[in-house]
Amino acid sequence: PDPLSSTQKPSLKAAIEERLETLERIFSTYRSSSEISRFNRSRHQDWQAVSPEMAEVIATSSDVNRITQGAFDPTLYPLIRLWGFDSQREQKAPPPAEAVADARQRIGYSRLEARLHPPALRKQRPDLEIDLSSPAKGYAVDEITTLLNREGLHNHLVQIGGDLRMTGNRIISSAQRGWRVGIERLPTLPSTGSSSSGPLPLELADLALSTSGNYRNALTIEGQSYGHIFDPRTGAPVMRPRVSVSVVHASCAFSSALATGLYALPPEEALHLAEAHHLACLVQQEDAGQS
């Protein structure tokens, strides 16, 4: 990696923290004062000015919504709150069918209008609410990458959760190579008689890698585990054997949103869409290997 002087390190650390804090003030649904929380509370149906960052993430979300044929939908926040994923609060039972039906009446990406110049959003339904956690996390990776490049640090890896972006090369002796990373391999079912053999290796340069799965962020209700990714068509968390979807793309905001959207689809359908759009995608199923 590019060397850092002792005087550069504190200022660079402060710049990174400041940029991440700015993005938190825009995208965090956990902060009542954030830009997204204020937008969600608003019941106005006229154009509302938003930050350029918000408009850019919405533009990426729109592309992914189209590619996934609606499987990625940023307006699912009413369902996320209903199930308790906004606070990880303990749920004694799944929400009643009537509550799910009511929340589903409030979602639908077609009810959200967006523009980049000047950046603004408009609701077609006053109680529309959005959650941009997935693309916003990837966007944060992209923004830190931009910051490091601006500082002249052109060989680096940035990671936030399951989102990574590799820039330039890692230097091995006098040779320069892409960054070597690994995708966690799902354990196979005991009946197969086989076992995992470590991460699936990739060597990437100037690309992002995002992975979505149902085995990290989950709630247990009445002994049943529910993952945090929802199917917009049912209004419920996606329920299937352990699955992960990994996407490689130049934009981490895009790869993060796409991995989430493709995960919401049946694996065969996800792969079909990825192939149709010439997108690099890996789908792993605990009971069916990988494709």
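The values are calculated or read from the model by the stated rules, or taken from the named source; none is laboratory data. Computed from a prediction, not measured in an experiment: that's the story for all the values here. A quick note on method: Cβ atoms are made from the backbone with ideal geometry, for glycine too, and the neighbour counts reach across all protein chains shown. In case anyone asks, the SASA skips ligands and DNA or RNA and just uses the protein heavy atoms, side chains included. Shrake-Rupley method; radii C 1.70, N 1.55, O 1.52, S 1.80 Å.
Scanning the stretch 247-272 for residues that are in contact (Cβ under 8 Å) with a residue 12 or more places away in the chain, open to solvent by 10 Å² or more (accessible area, probe 1.4 Å) and in a helix (DSSP H, G or I) yields F254, T260, P267, L271. Look at G138 and say whether it is at pLDDT below 90, open to solvent by less than 50 Å² (accessible area, probe 1.4 Å) and at negative phi. Against the criterion (at pLDDT below 90, open to solvent by less than 50 Å² (accessible area, probe 1.4 Å) and at negative phi), G138 does not qualify.
Assess whether G162 counts as being at positive phi and either buried (at least 17 other Cβ atoms within 10 Å of the Cβ) or modelled with pLDDT under 90 (or both). No. Scan the stretch 79-87 and tell me whether some residue there is modelled with pLDDT of 95 or more, over 30 Å from R170 (Cβ atoms), open to solvent by less than 80 Å² (accessible area, probe 1.4 Å) and within 23 Å of the chain's Cα centre (by Cα). Within the stretch 79-87 (the criterion being modelled with pLDDT of 95 or more, over 30 Å from R170 (Cβ atoms), open to solvent by less than 80 Å² (accessible area, probe 1.4 Å) and within 23 Å of the chain's Cα centre (by Cα)), the answer is no, since none of the residues qualifies. Report whether or not I36 is at pLDDT 95 or above and either surrounded by fewer than 16 Cβ atoms within 10 Å (Cβ to Cβ) or touching a helix residue (DSSP H, G or I) at 6+ places or on another chain (Cβ under 6 Å) (or both). In short, yes. Can you find, within the stretch 92-123, the residue that is modelled with the highest pLDDT among those that are outside any helix (DSSP H, G or I) and under 15 Å from P232 (Cβ atoms)? The extreme case among them is L112. In a residue-by-residue description of the stretch 9-16, the property of being within 22 Å of C252 (Cα to Cα), loosely packed, with under 14 Cβ neighbours inside 10 Å, free of Cβ contacts under 8 Å to residues at least 40 places away in the same chain and not aliphatic (A, V, I, L, M) applies to at least one position. Of all residues in the stretch 60-68, one or more are closer than 30 Å to V248 by Cβ, out of contact with any strand residue (DSSP E or B) (no Cβ under 9 Å at 6 or more places or on another chain) and free of Cβ contacts under 8 Å to residues at least 40 places away in the same chain. E129 falls short on exactly one of the conditions (1) in a loop (DSSP other than H, G, I, E, B); (2) over 21 Å from A257 (Cα atoms); (3) out of contact with any strand residue (DSSP E or B) (no Cβ under 7 Å at 6 or more places or on another chain), and that condition is (2). Among the residues of the stretch 236-248, those identified as small (G, A, S) and either at pLDDT 85 or above or under 13 Å from I183 (Cβ atoms) (or both) are S244, S246. State yes or no: is S244 hydroxyl-bearing (S, T, Y), open to solvent by less than 40 Å² (accessible area, probe 1.4 Å), touching a His at 6+ places or on another chain (Cβ under 7 Å) and closer than 20 Å to L204 by Cβ? Criteria not met by S244.
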